[in-house]
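Novice: Pasting in a structure now, in structure tokens, and then I'll have a few things to ask.
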């Protein structure tokens with residue numbers, strides 16, 4: 001890359017702040033990041049925390065940017081994009097949208113011009129630097145711009161490209177909503193542990209550490225999760241009894257049904273927020 005792109009975050013909510021702070025922690029120059037928000041006091045706090053330039057003027061922030069990251073809520077996206085359209089130059093800038101359910105075509109319609117656009121579906125573990133994001137690029141996004149988008153999202157975790165914008169709905173069902181699936185499992189296990197006589201504190205610590213350990217084993221092992229499960233399941237042992245109970249309840253099928261429901265809802269939201 002011939003120069004370090006200037007990244008402007010329009011909307012400085014939790015996810016946008018997680019990403020820009022991750023970029024700074026990874027060594028991205030603070031003078032190359034700016035952010036705008038609706039409340040002066042909030043952007044002042046962000047400026048004091050990070051040293052980046054902040055403003056309540058979206059147009060001014062956009063004008064100096066090579067990459068514009070749209071971080072507002074989906075319902076606000078239409079009005080926001082229309083308002084910044086005069087400051088957006090398709091020949092020089094890239095739009096990165098982290099708003100769920102907002103199609104690239106809708107962004108172009110609101111801008112009134114064709115534009116290089118990357119849609120990104122991050123998830124809440126990005127707030128602690130362990131996110132998982134899926135990215136989709138429209139056809140006019142350059143290789144250099146894709147590299148920039150990857151750099152932005154890798155600052156807070158894993159960033160993987162998908163071939164079709166429709167696949168973003170699948171990413172939403174897997175990793176976008178996925179943390180809640182694991183939180184639900186943790187809740188259920190904590191409740192079960194307490195019913196077996198453990199204190200709430202001991203139950204929580206054991207469940208959370210077990211989740212961390214299992215995830216790290218799966219990441220670091222050459223074996224698949226299926227192979228790891230089989231390895232820990234002794235014939236006629238305690239684990240086998242627990243897994244048999246899960247299977248009798250249709251656990252695997254239920255997981256698939258839940259993800260399918262999330263996928264279809266993601267597609268419905270895309271139509272709801274469509275320009």
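Novice: Of the residues in the range 146-174, how many are surrounded by 22 or more Cβ atoms within 10 Å (Cβ to Cβ) and touching a strand residue (DSSP E or B) at 6+ places or on another chain (Cβ under 8 Å)?
Specialist: The total comes to 7.
Novice: In addition: With respect to the numbered conditions (1) under 25 Å from the mean Cα position of the chain (by Cα); (2) surrounded by 11 or more Cβ atoms within 10 Å (Cβ to Cβ); (3) assigned to a helix (DSSP H, G or I), which one is the sole condition not fulfilled by residue 239?
Specialist: (1)
Novice: Now for a separate question. Does the range 244-258 include one or more residues that are assigned to a helix (DSSP H, G or I), surrounded by 11 or more Cβ atoms within 10 Å (Cβ to Cβ) and in contact with a helix residue (DSSP H, G or I) (Cβ under 6 Å, 6 or more places away or on another chain)?
Specialist: Looking for residues that are assigned to a helix (DSSP H, G or I), surrounded by 11 or more Cβ atoms within 10 Å (Cβ to Cβ) and in contact with a helix residue (DSSP H, G or I) (Cβ under 6 Å, 6 or more places away or on another chain), one finds none in the range 244-258, hence no.
Novice: Being crowded, with 21+ Cβ neighbours inside 10 Å, under 21 Å from the mean Cα position of the chain (by Cα) and at pLDDT 95 or above is true for just one of 101, 134. Which residue is that?
Specialist: On inspection, the qualifying residue turns out to be 134.
Novice: Next question. Based on what the data block shows, is residue 22 in contact (Cβ under 8 Å) with a residue 12 or more places away in the chain, over 17 Å from residue 149 (Cα atoms), surrounded by 16 or more Cβ atoms within 10 Å (Cβ to Cβ) and in the same structural domain as residue 123 (by TED's automatic domain parsing)? Spell out how you get there, then give the answer.
Specialist: On the way: in contact (Cβ under 8 Å) with a residue 12 or more places away in the chain: yes; over 17 Å from residue 149 (Cα atoms): no; surrounded by 16 or more Cβ atoms within 10 Å (Cβ to Cβ): yes; in the same structural domain as residue 123 (by TED's automatic domain parsing): yes.
Considered against the rule, which asks whether it is in contact (Cβ under 8 Å) with a residue 12 or more places away in the chain, over 17 Å from residue 149 (Cα atoms), surrounded by 16 or more Cβ atoms within 10 Å (Cβ to Cβ) and in the same structural domain as residue 123 (by TED's automatic domain parsing), residue 22 comes out as no.
Novice: Can you pull out the residues in the range 25-49 that are within 12 Å of residue 152 (Cβ to Cβ) and either assigned to a loop (DSSP other than H, G, I, E, B) or under 21 Å from the mean Cα position of the chain (by Cα) (or both)?
Specialist: 26, 28, 33
Novice: Which members of the range 110-149 meet the condition of being assigned to a strand (DSSP E or B) and within 21 Å of residue 13 (Cβ to Cβ)?
Specialist: Of the range 110-149, the ones assigned to a strand (DSSP E or B) are 117-121, 131-137.
Residues satisfying the conditions are 117, 118, 119, 120, 121, 131, 132, 133, 134, 135.
Novice: Determine whether residue 107 is assigned to a strand (DSSP E or B) and over 14 Å from the mean Cα position of the chain (by Cα).
Specialist: On the way: assigned to a strand (DSSP E or B): no; over 14 Å from the mean Cα position of the chain (by Cα): yes.
Taking the combined requirement at face value, the residue does not satisfy it.
Novice: What number of residues within the range 203-220 satisfy the criterion of being surrounded by fewer than 13 Cβ atoms within 10 Å (Cβ to Cβ) and either touching a residue at least 24 places away in the same chain (Cβ under 8 Å) or more than 30 Å from residue 137 (Cβ to Cβ) (or both)?
Specialist: 6
Novice: Here is a check on your reading of the model: is residue 94 within 30 Å of residue 265 (Cα to Cα), surrounded by 15 or more Cβ atoms within 10 Å (Cβ to Cβ), in the same structural domain as residue 139 (by TED's automatic domain parsing) and under 19 Å from the mean Cα position of the chain (by Cα)?
Specialist: Working: within 30 Å of residue 265 (Cα to Cα): yes; surrounded by 15 or more Cβ atoms within 10 Å (Cβ to Cβ): yes; in the same structural domain as residue 139 (by TED's automatic domain parsing): yes; under 19 Å from the mean Cα position of the chain (by Cα): yes.
In short, yes.
Novice: Tell me which residues, restricted to the range 63-75, are surrounded by 15 or more Cβ atoms within 10 Å (Cβ to Cβ) and either under 18 Å from residue 274 (Cα atoms) or modelled with pLDDT of 95 or more (or both).
Specialist: Selection gives 65, 66, 67, 68, 69, 70, 71, 72, 74.
Novice: Restricting the search to the range 160-199, which residues are over 20 Å from residue 260 (Cβ atoms) and in a helix (DSSP H, G or I)?
Specialist: Start the filter on the range 160-199 by keeping residues that are over 20 Å from residue 260 (Cβ atoms), which leaves 160-161, 163, 186-199.
Selection gives 186, 187, 188, 189, 190, 191, 192, 193, 194, 195.
Residue-by-condition table, conditions (1) more than 25 Å from residue 131 (Cα to Cα); (2) touching a residue at least 40 places away in the same chain (Cβ under 8 Å):
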residue: 30; (1), (2): no, no
residue: 54; (1), (2): no, yes
residue: 74; (1), (2): no, yes
residue: 82; (1), (2): yes, no
residue: 95; (1), (2): no, no
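The values are calculated or read from the model by the stated rules, or taken from the named source; none is laboratory data. Remember, it's a predicted structure, so these values are computed and weren't measured experimentally. Methodologically, a virtual Cβ is constructed for each residue, glycine included, from the backbone with ideal geometry; neighbour enumeration extends over all protein chains shown.
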